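Take a look at the structure set out below.
The values are calculated or read from the model by the stated rules, or taken from the named source; none is laboratory data. Fair warning: this is a prediction, and the values are worked out from it, not measured in the lab. Here Cβ is always computed from backbone atoms with ideal geometry, including for glycine, and neighbour counts include all displayed protein chains. Please note that ligands, DNA and RNA were not included when accessible areas were found on the heavy atoms of the full protein model with its side chains. Shrake-Rupley method; radii C 1.70, N 1.55, O 1.52, S 1.80 Å.
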Amino acid sequence: MSRDVDYAQVVAASGDAVVVSDADGVITVWSPAAERIFGFPEAEALGQTLDLITPERHRRRHWTGYAETMRTGVTRYGSEVLRVPALHRDGRPLSIAFTVGLMKEADGEVTGIVAVIRDDTARWEEERKLRRRLAELEPVPA
């Protein structure tokens with residue numbers, strides 16, 4: 001028995017955030033998990049650029065890569081998990097882990113990017129504590 005998949009329901013039910021942005025980096029899909037992770041309600045996020053969640057010091061690099069992906073139709077990341085800093089609505093820093101996929105027209109033209117995102121802040125902070133502790137325990141060269 002074949003059943004049509006309700007993709008909006010899949011996005012809404014996902015525990016990981018689903019964020020889709022168009023060719024200009026404007027947010028067109030913002031899942032409930034994105035709202036939970038980043039703190040922005042869907043109504044505030046839709047129509048904004050990805051600057052909403054991208055720390056200012058990382059924006060130039062982000063937009064350079066984004067433009068290159070839109071121009072070439074190729075992403076060097078594919079299914080690779082990326083870990084980058086992000087911003088919460090209240091201004092606190094987050095660490096996110098995500099994968100990206102390209103949204104394409106039938107003719108292959110890239111129309112946007114879908115990112116599936118997980119809040120990785122707790123793991124990142126724990127790793128940072130462990131690195132500090134290890135540095136404290138390592139002998140200082142004489």
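Data table
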{"read-out": "Residue check, Gly47 on the phi > 0 side of the Ramachandran plot and either at pLDDT 95 or above or not in a loop (DSSP other than H, G, I, E, B) (or both)", "value": "yes"}
{"read-out": "Residue check for Ile96: of a type in the set (Val, Ile, Thr) and either out of contact with any helix residue (DSSP H, G or I) (no Cβ under 7 Å at 6 or more places or on another chain) or part of a loop (DSSP other than H, G, I, E, B) (or both)", "value": "yes"}
{"read-out": "Residue match in the stretch 13-34 (condition: in a helix (DSSP H, G or I), more than 19 Å from Gly112 (Cα to Cα) and open to solvent by 50 Å² or more (accessible area, probe 1.4 Å))", "value": "yes"}
{"read-out": "Unique match (being in contact (Cβ under 8 Å) with a residue 24 or more places away in the chain, closer than 20 Å to Ala23 by Cα and over 15 Å from the mean Cα position of the chain (by Cα)) among Thr111, Thr72, Thr64, Thr54", "value": "Thr111"}
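Every residue, every condition in (1) in contact with an Asp or Glu (Cβ under 8 Å, 6 or more places away or on another chain); (2) open to solvent by 50 Å² or more (accessible area, probe 1.4 Å); (3) part of a loop (DSSP other than H, G, I, E, B), yes or no:
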site	(1), (2), (3)
Asp4	no, yes, yes
Ile37	yes, no, no
Met70	no, no, no
Tyr77	no, yes, yes
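Table: residues versus (1) touching a strand residue (DSSP E or B) at 6+ places or on another chain (Cβ under 8 Å); (2) closer than 19 Å to Val84 by Cβ.
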{"position": "Trp30", "(1), (2)": "yes, yes"}
{"position": "Ala33", "(1), (2)": "yes, yes"}
{"position": "Phe38", "(1), (2)": "yes, yes"}
{"position": "Leu46", "(1), (2)": "yes, no"}
{"position": "Glu56", "(1), (2)": "no, yes"}
{"position": "Arg59", "(1), (2)": "no, yes"}
